[in-house]
C-alpha cells in the first residue's frame, strides 16, 4: 500500500516534527546543565522554571562554595539556548494551533472534541495518519506498525509482537494517547477492555496490553473521523461538528 502525500500534506507534517526536534534539543540542554551542576554536588535546580537566572545566582556547591565563574558562565550560555528553544516551541505551537483551526476538513475538530486529546496529539494523529485514505482497519493498523507479526514453524503457528514497520511517529504518539485515554476516558469500552485484560493477566503485561489498546484506539478514531462512529462510552469536551 503506497500513496505519495501531496506537497501540502508533507509540508503540514513539518510543524509537529519540528516541535518534536525542538523539545528533544531542549531536553538535551536541560540534562547537560543538571549534569554540570551534579559534578559540583548541586541538585534540585530546574532550568525550565521562570526564575532560572535568579536561582542560578543563588546556587552553591556541595562543599559550600559559590559556583566557579567559568562553570556559571557555561550554564548561563546553556540557559540562553534553552530560552531561545522555549520561544521557538511557542511559535511552532501557535502555528500548529492556527493550522488546526484553519483545516479544510473536520478531522482536527473531531479529534479535539474527545476528552484526553489535546492540540499536539490531534495534530500528530491528523498529519501523520488520519489524513490518509485507508480501505479497511487492517491497513490503518499496518500503517502505524501496530499489527502482530505472524510466526510459523512446523505445526506451530502463532503471532509475535507488533511489526513496527509503519510510521514511528504515529505509533509512539498512539501509545501515549492510549495511556491518557485510560486516565481521561475511564468509562469508555476501550478503557474497560484494557482494565479487564490487565486483571486477567494478574496485573502483568501492561505494556503489551497498552499496545493492543493503541491499535484498537487507532481503528476507533479512524472510524470516528471518517464515518462518524462515536467511540462507545467516550466523553466529549464539546459537541463535535
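Read-outs throughout are calculated quantities, based only on the coordinates presented, and are distinct from any laboratory measurement. It should be emphasised that the depicted structure is a prediction, and the values quoted were computed from it without experimental measurement. Counting neighbours? That spans all protein chains shown, and the Cβs are built from the backbone with ideal geometry, glycine included.
Could the peptides 210-221, 43-54 be put in order, highest first, of the mean number of other beta-carbon atoms found within 10 Å of their residues?
Ranked from most to least packed, the peptides come out as 210-221, 43-54.
I need the peptides 200-207, 84-91, 137-144 ranked by packing, meaning the mean over residues of other C-beta atoms within 10 angstrom, with the highest value on top.
The packing order, highest mean first, is 137-144, 84-91, 200-207.
Report the full-extension gain for the segment residue 235 to residue 61: residue separation times 0.36 nm, less the Cα-Cα distance, to one decimal in nm. The partial results should precede the final answer.
Numbers: separation 174, 0.36 × 174 = 62.64 nm, distance 5.04 nm.
Working it through step by step, the gained length comes to 57.6 nm.
Which ordering of 38, 134 is given by a fewest-first count of other beta-carbon atoms within 10 Å?
Ranking 38, 134 by Cβ neighbours within 10 Å, fewest first, gives 38, 134.
If packing is taken as the average number of other Cβ atoms within 10 Å across a peptide's residues, how do 116-129, 174-187 rank, most packed first?
116-129, 174-187
Report, in deg cm²/dmol and to the nearest 500, the calculated mean residue ellipticity at 222 nm for the chain, where each DSSP H run with n ≥ 4 adds -39500 (n - 2.57) and the sum is divided by the residue count.
-19000 deg cm²/dmol
Quick one: go through region 120-134 and flag any residue whose amide nitrogen is under 20 Å from the point 7 Å out along the Cα-to-Cβ line of residue 18.
In region 120-134, the label zone of residue 18 (backbone N under 20 Å from the point 7 Å along Cα→Cβ) covers 120-129.
What number results when the radius of gyration of the chain, computed over Cα atoms, is divided by 2.2 N^0.38 Å?
After normalising by residue count via 2.2 N^0.38 Å, the value is 1.27.
How big is the convex hull of the Cα atoms of region 7-101, per residue, in Å³?
91 Å³
Give me the orientation-averaged projected area of the Cα convex hull of region 107-227, in nm², one decimal.
The Cα convex hull of region 107-227, projected and averaged over all directions, gives 8.2 nm².
Return the FRET efficiency for the residue pair residue 87, residue 39: r is the Cβ-Cβ distance, R0 is 41 Å, and the value is rounded to the nearest 0.05. Present the calculation step by step, with values, prior to reporting the outcome.
On the way: r = 29 Å, r/R0 = 0.70.
Efficiency, from the Cβ-Cβ distance: 0.90.
Along Cα→Cβ, 7 Å out, is where each label goes; now give me the distance between the ones at residue 28 and residue 8 in nm to one decimal.
3.5 nm
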